[in-house]
Amino acid sequence: MRITMHQKYNTLLDVMREYEKVGICLSGGSGSALVAIAAVEALGAENVVAITANTPFFTGEELLSSKDLCKRLGIRLYVPNTNLLMNSAVVTNGPDRCYHCKKCIIDVVRNTAIELGIRTLLDGSCASPEHFAAQEDHNEKVLSELGIACPLRIADINREDVYEIMNELSMGYYVRPENACLATRVAQDEPITLKKIRWIRAAENYIHSLGYGLVRVRVKGNTARIEVAKEDVEDLMRQREEVEVELNEMGFKEVIIDEEGYKREAASCL
């Protein structure tokens, strides 16, 4: 018999009732949003706080989403700063960059929770997440090392379930497309700098302003490779000249539109 989303959500509530007071690692994504919603319903807003690390690697939309959700749920949001650009293991951008990035973020979140007297931290990672193996290994390692609980996994709720449950709860506004951290746009083994992060953010904001939803601007040296959804590639090609002029003015020497469209990141810190 097929388990309904209502049953899965009730299971999640039962998982939450095993805790007393919790801190939510609120990323701005749909998974951690559902964890926060369920925690408030199961434990009461007075027993739930949210913590969102402020980092230059995020687009800014994540923090706005977190603030909006916490206001709606009536819970406190704490926003500790995380200067990932001071972490040499992150900025050298090797194959294990995502592990160091995630660990740095969760360390800051955990320290904030300890200062608040909160011993239980909850993450929004889903059951059977649709991530590539490299990212999943990094994420699992950090969560295991730091003792972070994943209630969605305990309740066997996957990414599609999250979207469906959120819509059934009339919280569909917080169902958002994955927006991997901006560091994933920089070619591996090429140092990550604030200048590159600002380049990427400005370029993506500009292309979003043209009406494109899913956008990635990947950087190698002074070259920008633009990815949009496969169905949007043809439209963007028609605007190639305009886009090239704008990105050249930002400082990019070469601008390439990827004709194959968006490719999911092999590693993500969100």
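Of Y212, Y206, all but one fail to be over 21 Å from G28 (Cβ atoms) and outside the structural domain of T82 (by TED's automatic domain parsing); the exception is Y206. In region 160-186, which residues are within 18 Å of S88 (Cβ to Cβ) and of a type in the set (G, A, S)? A183, the sole residue that qualifies. Across region 195-248, the number of residues qualifying as over 18 Å from T59 (Cα atoms), assigned to a helix (DSSP H, G or I) and among the β-branched types (V, I, T) comes to 3.
Per the listing V162, V186, V175, the residue uniquely among the β-branched types (V, I, T), surrounded by fewer than 17 Cβ atoms within 10 Å (Cβ to Cβ) and farther than 23 Å from E20 by Cβ is V175. Looking at the structure I just gave you, is V108 in the same structural domain as V142 (by TED's automatic domain parsing) and in contact (Cβ under 8 Å) with a residue 60 or more places away in the chain? It is false that V108 is in the same structural domain as V142 (by TED's automatic domain parsing) and in contact (Cβ under 8 Å) with a residue 60 or more places away in the chain.
Just one of P151, P177 is at pLDDT below 95 and not small (G, A, S); which is it? Can you show your working first?
Details: P151 fails: at pLDDT below 95.
The match here is P177.
Results for (1) in contact (Cβ under 8 Å) with a residue 60 or more places away in the chain; (2) farther than 30 Å from N87 by Cβ, shown as yes or no for each residue.
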residue	(1), (2)
I165	yes, yes
A180	yes, no
P191	yes, no
V217	no, no
A224	no, no
L236	no, yes
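Pairing residues of region 67-90 that are outside the structural domain of M166 (by TED's automatic domain parsing) and part of a helix (DSSP H, G or I) with residues that are polar (S, T, N, Q) and surrounded by 16 or more Cβ atoms within 10 Å (Cβ to Cβ), at Cβ distances under 8 Å and at least 6 apart in sequence or on separate chains, gives no pairs at all. Against the conditions (1) closer than 29 Å to R97 by Cα; (2) assigned to a loop (DSSP other than H, G, I, E, B); (3) not basic (K, R), T184 satisfies every one except (2). Regarding region 35-51, can at least one residue be identified that is out of contact with any Cys (no Cβ under 7 Å at 6 or more places or on another chain) and either at pLDDT below 95 or assigned by TED's automatic domain parsing to the domain that holds N205 (or both)? Checking region 35-51: not a single residue is out of contact with any Cys (no Cβ under 7 Å at 6 or more places or on another chain) and either at pLDDT below 95 or assigned by TED's automatic domain parsing to the domain that holds N205 (or both). Once region 209-219 is narrowed to residues that are surrounded by 15 or more Cβ atoms within 10 Å (Cβ to Cβ) and not hydrophobic (A, V, I, L, M, F, W, C), the residue that is farthest from V233 (Cα to Cα) is R218.
The set of residues from region 44-63 being surrounded by fewer than 18 Cβ atoms within 10 Å (Cβ to Cβ), in contact (Cβ under 8 Å) with a residue 12 or more places away in the chain and either of a type in the set (K, R) or farther than 18 Å from A183 by Cα (or both) comprises A45, N47.
Within the set L84, L73, the sole residue that is buried (at least 19 other Cβ atoms within 10 Å of the Cβ) and modelled with pLDDT of 95 or more turns out to be L73. Number of residues in region 1-31 that are touching a helix residue (DSSP H, G or I) at 6+ places or on another chain (Cβ under 7 Å), polar (S, T, N, Q) and assigned to a helix (DSSP H, G or I): the value is 1.
The values are calculated or read from the model by the stated rules, or taken from the named source; none is laboratory data. This one's a predicted model, so the numbers in the text were calculated from it and none came from an experiment. So basically every Cβ, Gly included, is an ideal-geometry build from the backbone, and we count neighbours across all protein chains shown.
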